[in-house]
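Engineer: I have a structure I would like to understand better, so I am pasting it below and will then ask my questions one at a time.
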Amino acid sequence: MRLCLIANPNSIHTQRWVRHFAGRGHEIHLLGDKPLIGAPPAGATFHDLTRQNNAAKLRYLVWARTVRRLVRQIRPDVLHAHQVASAGWLAAAAGYHPLLVTAWGSDLLLGAARSPLQRQLARWVLGRADYVTCVSVQLVEAAQALGAPAGRVELTPWGVDTALFHPDEAANARPPLVLSIRGIKPVYNPLLIAQAIPAVLAARPDARFVIRTYSGDPELLATFRELVAQGNAAGAVEYIGDLADDRAIADLYRQAAVVVSVPASDGTPQSVLEAMACGATPVVSDLPALRPWVRHEQEGLVTPVGDAAALAGAIVRLLDDEALRAALRAAAVRRVQQRADSRLWMERYQQIYQQLAAGQPPRAPLSPFGEEP
């Protein structure tokens, strides 16, 4: 099968997608809508849209014409836009079918919610798509609210490679290491974590923090460091940027006792599920997208959005109560293994590709998550 993807070439999710479907023998063409950093994803023929024109006001007009021409040259069995915004705009402008659009999170939950123009563009993209997949229930609801017919929208997470992301034998004897797993961007509320760190150290002076800084905002990171320094906590904090590969990411997750993800908005965050699969106990903000995965005091601890004191309290509670942490950790690993194995969900995407390529409307599974408790 010949697949044409429009996506951010630097995203680890795009790279994994290409690797998986190229590994299944498909011919992959990737049209990149973000400036390439490093090498393009292996396994795909890469077309860099940004090399033609990257001027803020003109680029989409130029790129749309290029995408339309490229897609007709490639003649894919399926055109697949990863994200409703940007990639989705370009795919819809191509006028090519079958068109699959996947909503990632902020493309619908933030962009389309805040901007009237993006809202209209999202309606246009969803109306032109032959099928829409969403990684969370909240995204399904957002897509339907913007006009996507219920019969053409499906809840389809990406899943976790549980052969790689799994606990190790030392999972029950982890040091008091707290890992912030989201990028340093406003949507992920990193300053909330910076505010919580001194409070955690006041109760647990032995705690150590690792902050992931990949795909970060330099000014926001500088503010983060200032807050940590003002709290006399700089000596307890380490900053880690890009890691070599998924194995390095899994190894880092396996070192953590607690992982923290407290954004203001989210889809289904791969990083949270992968950390859970590796045996790290999550503290997350109370968002609809997380509720099928992390239930309070069952797989992790859930805190109100924007509450630094509650975040600090949850971290201290988990560091202090090893029995609770062990119980939540075991339940979190089980939750991911039973419901988020990528082999299941990538097989579902394979079916969607095949059905669309054959001119058949995909039929969504009746219960994507099985029985909800």
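Engineer: Of the residues that sit in region 195-223 and are assigned to a helix (DSSP H, G or I) and within 22 Å of the chain's Cα centre (by Cα), which one is farthest from Ala314 (Cα to Cα)? Break it down stepwise before answering.
Structural biologist: From region 195-223, those assigned to a helix (DSSP H, G or I) are 195-203, 218-223; that's our starting set.
Subsequent filtering for residues that are within 22 Å of the chain's Cα centre (by Cα) retains 218, 220-221.
Working: Pro218: 28, Leu220: 24, Leu221: 23 Å.
So the residue we want is Pro218.
Engineer: Which members of region 58-85 meet the condition of being under 16 Å from Ala143 (Cβ atoms), part of a loop (DSSP other than H, G, I, E, B) and of a type outside the set (A, V, I, L, M)?
Structural biologist: Gln83
Engineer: Condition test on Arg119, is it more than 28 Å from His20 (Cβ to Cβ), assigned by TED's automatic domain parsing to the domain that holds Val284, basic (Lys, Arg) and at pLDDT 95 or above? Let's see the steps before the verdict.
Structural biologist: Working: more than 28 Å from His20 (Cβ to Cβ): yes; assigned by TED's automatic domain parsing to the domain that holds Val284: no; basic (Lys, Arg): yes; at pLDDT 95 or above: yes.
The answer is no for Arg119.
Engineer: Somewhere in region 295-303, is a residue charged (D, E, K, R), at pLDDT 95 or above, over 17 Å from the mean Cα position of the chain (by Cα) and surrounded by 20 or more Cβ atoms within 10 Å (Cβ to Cβ)? Give the derivation first.
Structural biologist: Looking only at region 295-303, we keep the residues that are charged (D, E, K, R), and these are 295, 297, 299.
Going one step further and asking which of them are at pLDDT 95 or above, we end up with 295, 297, 299.
Now narrow it down to the ones that are over 17 Å from the mean Cα position of the chain (by Cα): 295, 297, 299.
Among the residues that remain, those that are also surrounded by 20 or more Cβ atoms within 10 Å (Cβ to Cβ) are: 299.
There is at least one residue in region 295-303 that is charged (D, E, K, R), at pLDDT 95 or above, over 17 Å from the mean Cα position of the chain (by Cα) and surrounded by 20 or more Cβ atoms within 10 Å (Cβ to Cβ).
Engineer: Read through the list (1) in a loop (DSSP other than H, G, I, E, B); (2) not assigned by TED's automatic domain parsing to the domain that holds Gly300, then give the number of the only condition that Val140 fails.
Structural biologist: (1)
Engineer: Just one of (1) at pLDDT 95 or above; (2) under 25 Å from Trp345 (Cβ atoms); (3) part of a loop (DSSP other than H, G, I, E, B); (4) of a type outside the set (Ser, Thr, Tyr) trips up Gly267, so point out which.
Structural biologist: (1)
Engineer: Continuing with the same structure: Within region 309-320, how many residues are crowded, with 20+ Cβ neighbours inside 10 Å and in contact (Cβ under 8 Å) with a residue 40 or more places away in the chain?
Structural biologist: 6
Engineer: Right, next: Listed residues Ala170, Ala250, Ala275; which is over 18 Å from Val305 (Cα atoms), surrounded by fewer than 23 Cβ atoms within 10 Å (Cβ to Cβ) and at pLDDT 95 or above? Don't jump to the end; show me each part of the working.
Structural biologist: Details: Ala170 fails: at pLDDT 95 or above; Ala275 fails: surrounded by fewer than 23 Cβ atoms within 10 Å (Cβ to Cβ).
One residue alone meets the criteria, Ala250.
Engineer: Please determine whether any residue of region 143-162 is out of contact with any helix residue (DSSP H, G or I) (no Cβ under 7 Å at 6 or more places or on another chain), within 21 Å of Val336 (Cα to Cα) and acidic (Asp, Glu).
Structural biologist: Taking region 143-162 as the starting set, the residues that turn out to be out of contact with any helix residue (DSSP H, G or I) (no Cβ under 7 Å at 6 or more places or on another chain) are 145, 149, 151-152, 154.
Imposing the further condition that a residue be within 21 Å of Val336 (Cα to Cα) reduces the set to 154.
When the remaining residues are screened for being acidic (Asp, Glu), the result is 154.
Yes, region 143-162 contains at least one residue that is out of contact with any helix residue (DSSP H, G or I) (no Cβ under 7 Å at 6 or more places or on another chain), within 21 Å of Val336 (Cα to Cα) and acidic (Asp, Glu).
Engineer: Looking at the structure I just gave you, is Val62 of a type in the set (Val, Ile, Thr) and either at pLDDT 95 or above or not assigned by TED's automatic domain parsing to the domain that holds Ala91 (or both)?
Structural biologist: On the way: of a type in the set (Val, Ile, Thr): yes; either at pLDDT 95 or above or not assigned by TED's automatic domain parsing to the domain that holds Ala91 (or both): no.
Considered against the rule, which asks whether it is of a type in the set (Val, Ile, Thr) and either at pLDDT 95 or above or not assigned by TED's automatic domain parsing to the domain that holds Ala91 (or both), Val62 comes out as no.
Engineer: Go through the residues of region 235-247 one by one and say whether even a single one is surrounded by 14 or more Cβ atoms within 10 Å (Cβ to Cβ), in the same structural domain as Ala308 (by TED's automatic domain parsing), assigned to a helix (DSSP H, G or I) and at pLDDT below 95.
Structural biologist: Yes: region 235-247 contains one or more residues that are surrounded by 14 or more Cβ atoms within 10 Å (Cβ to Cβ), in the same structural domain as Ala308 (by TED's automatic domain parsing), assigned to a helix (DSSP H, G or I) and at pLDDT below 95.
Engineer: With respect to Val62, determine if the residue is closer than 23 Å to Ala358 by Cα and among the β-branched types (Val, Ile, Thr). Before the answer, list the steps.
Structural biologist: Values: closer than 23 Å to Ala358 by Cα: no; among the β-branched types (Val, Ile, Thr): yes.
For Val62, the condition - closer than 23 Å to Ala358 by Cα and among the β-branched types (Val, Ile, Thr) - is not met.
Engineer: Of all residues being modelled with pLDDT under 95 and outside any loop (DSSP other than H, G, I, E, B) in region 183-194, which is farthest from Ala236 (Cα to Cα)? Just the residue, please.
Structural biologist: Val187
Engineer: Looking only at region 1-57, count every residue that is of a type in the set (Lys, Arg) and surrounded by 15 or more Cβ atoms within 10 Å (Cβ to Cβ) and tell me the total. Lay out the reasoning, then the answer.
Structural biologist: Residues of region 1-57 that are of a type in the set (Lys, Arg), as a first pass: 2, 16, 19, 24, 34, 51, 57.
Then keep just the ones that are surrounded by 15 or more Cβ atoms within 10 Å (Cβ to Cβ); that gives 16, 19, 34.
The number of residues fulfilling the criteria is 3.
Engineer: If Val140 meets every condition in (1) modelled with pLDDT of 95 or more; (2) touching a strand residue (DSSP E or B) at 6+ places or on another chain (Cβ under 9 Å); (3) more than 30 Å from Ala194 (Cα to Cα) apart from one, which number is that one?
Structural biologist: In the conditions (1) modelled with pLDDT of 95 or more; (2) touching a strand residue (DSSP E or B) at 6+ places or on another chain (Cβ under 9 Å); (3) more than 30 Å from Ala194 (Cα to Cα), Val140 misses (1) alone.
The values are calculated or read from the model by the stated rules, or taken from the named source; none is laboratory data. Everything numeric here is computed off the predicted structure, so don't read it as measured data. Using ideal geometry, Cβ is built from the backbone for each residue, glycine included, and neighbour counts are taken over all protein chains shown.
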